[in-house]
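Notes follow once the structure below has been shown.
Computed from the coordinates by the stated procedures, all read-outs in this text should not be read as laboratory data. Since the model is a prediction, treat every value here as computed from it, not as a measurement. Don't worry about glycine lacking a Cβ; one is built from the backbone with ideal geometry, like all the others, and counts go over all protein chains shown.
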Amino acid sequence: MLSGKIALVTGASRGIGRQTAITLASYGATVIVNYNGSKDKALEVVELIKQKGGNAAVYCCNVAKYDEVETMMKDIVKEYGSLDILVNNAGITKDGLLMKMSEEDYDAVLDINLKGAFNCIKHISRQMLKQKGGRIINLSSVVGVYGNGGQVNYSASKAGIIGITKSVAKELGSRGITVNAVAPGFIVTEMTDAMPEDAKAAVADRIAMKKLGDVNDVAELVAFLASDKAAYITGQVICVDGGMSV
Ligand code: NAP
């Protein structure tokens, strides 16, 4: 489904990004596994992909840094000749009630989650325009659609992702580039592991399917949106939340 395609997954050393990298590679894409701090985990992802016969490489870059991202995109295009699929997945949380939230915690989350996506799109858009094609998939969240107490910074970043997605879809659509957002509900990863079991059970109770999601649930949707099968889908926000938001 993706053979011959070059894909970059940001924040692919663990969680949803890790599984997305593995899934894209399983469909034939050559995957660049981006990480910032977790080099060993990123190398493990590449090793796993190679063991299964796929192609992958790691690239260290802090997506919040405009210049670092510019260099990463130039290096990728120089090495591989193109970038067909960009998955803006890197993200962090620094939760707290508004009254207690520091400026640093607000800025840190916005810098990585929102500006990081801007940096990546900005620095690859000229190349995708030249290619007359590309797929950009941005990780939003249901809390970007509905809000969540204690996550003012995170929900602002994820709502911002939806704005970027729709605006860039309008700017680049005529050149065969699609831009979509995937909005997961509650997916089991290290990001959500920190929650106590009773809190997780309470969340599950609010989900129509009465269970938390798996990284595969998100990765398969990303792979579909990255494929030619999704050629006429752009500017959309697709929830993967087991019915949490209905
Ligand atoms: P996770 O397990 O905490 O993984 C986050 C990834 O982002 C790691 O690989 C981390 O790599 C990377 N990262 C963090 N800061 C970075 C930076 N500055 N530059 C590059 N990479 C960076 O998170 P997750 O649960 O898989 O979430 C992945 C995405 O889905 C996020 O955007 C998140 O907001 C979104 N999401 C998750 C859920 C959920 O329930 N899990 C729900 C809705 C949306 P390093 O350690 O190498 O920095």
Inset, instruction - Write out the chymotrypsin sites (Phe, Trp or Tyr not before Pro) in segment 172-246 meeting two conditions: DSSP loop, and at most 15 other Cβ atoms within 10 Å of their Cβ. - result: 232
Legend entry - Residues with amide H under 5 Å from that of residue 235, placed H, sequence gap 5 or more: 179, 180
Legend entry - Hz values of 3J(HN,Hα) by residue in segment 68-74 - Karplus curve (6.51, -1.76, 1.60), Gly and Pro given as x: 4, 5, 4, 5, 4, 5, 4
Inset, instruction - Measure off 7 Å from each Cα along the Cα-to-Cβ vector at residue 99 and residue 202, then give the distance between these two points in nanometres to one decimal. - result: 1.8 nm
Legend entry - Normalised convex hull volume, segment 68-118, alpha-carbon set, Å³ per residue: 75 Å³
Inset, instruction - Kindly provide log₁₀ I(q)/I(0) values, in the same order as q = 0.15, 0.21, 0.23, 0.28 Å⁻¹, from the Debye equation applied to equal alpha-carbon scatterers of segment 95-149. - result: -0.60, -0.88, -0.97, -1.15
Inset, instruction - Count charges around residue 150 for me, please; just the other residues with Cβ under 13 Å from its Cβ, Lys/Arg as +1, Asp/Glu as -1. - result: 0
Inset, instruction - Sticking to Cα atoms, compute the Rg of segment 105-215 to one decimal and its Dmax as the biggest Cα-Cα distance, whole number, in Å. - result: 16.2, 51
Legend entry - Folded to 0 to 90 degrees: helix 215-226 orientation relative to the chain principal axis, Cα: 40 degrees
Inset, instruction - Please identify every one of the trypsin sites (Lys or Arg not before Pro) in segment 1-107 that sits in a loop by DSSP and has no more than 14 other beta carbons within 10 Å of its own beta carbon. - result: 52
Inset, instruction - Taking every pair of Cα atoms in the chain, average 1/r, invert it to obtain the Kirkwood radius, and report Rg/Rh to two decimals. - result: 0.95
Legend entry - Rounded to 10°, Cα long-axis angle of helix 39-51 versus longest principal axis of the chain: 60 degrees
Legend entry - Label-point separation in nm, residue 51 to residue 126, each point 7 Å along Cα→Cβ: 4.1 nm
